[in-house]
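Rule-based calculations on the coordinates, nothing more; no lab input. Bear in mind that the values here come from a model prediction, so they are computed numbers and not experimental data. No Cβ is skipped: glycine too gets one built from the backbone with ideal geometry, and neighbour counts run over all protein chains shown.
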Amino acid sequence: MFWNLCRSYVDAINAGAIPSIENSWAYICKNECLKALDEAIDLFNKTLQSEVSGLGPLDDDELKEKYSKAKRVSLEYF
């Protein structure tokens, strides 16, 4: 995060602008949230895959249960 903050300041200065702390902080927060979202989605996919891997066809209730578990794990991570 610190690196991204420094980079946004340097980019602003190089462009002849005055760095804005508020805009830089919003940018960093947005990037960190997107990174966490990508990681949570990846965790959801891995969890669901490991839950259904090797199992035969699942009925609707079993699949919903596996889906709910993967969703809960990824939301807790996020």
Could you tell me whether Ala40 is among the small types (Gly, Ala, Ser) and closer than 30 Å to Val73 by Cβ? yes
Yes or no: the stretch 35-49 includes at least one residue that is out of contact with any Gly (no Cβ under 6 Å at 6 or more places or on another chain), β-branched (Val, Ile, Thr), over 30 Å from Trp3 (Cβ atoms) and in a helix (DSSP H, G or I). yes
Mind counting the residues in the stretch 24-35 that are in contact with a helix residue (DSSP H, G or I) (Cβ under 8 Å, 6 or more places away or on another chain) and of a type outside the set (Phe, Trp, Tyr)? 3
Which of the residues that make up the stretch 50-66 are part of a loop (DSSP other than H, G, I, E, B) and closer than 24 Å to Glu76 by Cα? Ser53
Being part of a helix (DSSP H, G or I) and exposed (fewer than 11 other Cβ atoms within 10 Å of the Cβ) is the filter; apply it to the stretch 12-34 and report the residue that is nearest to the chain's Cα centre (by Cα). Leu34
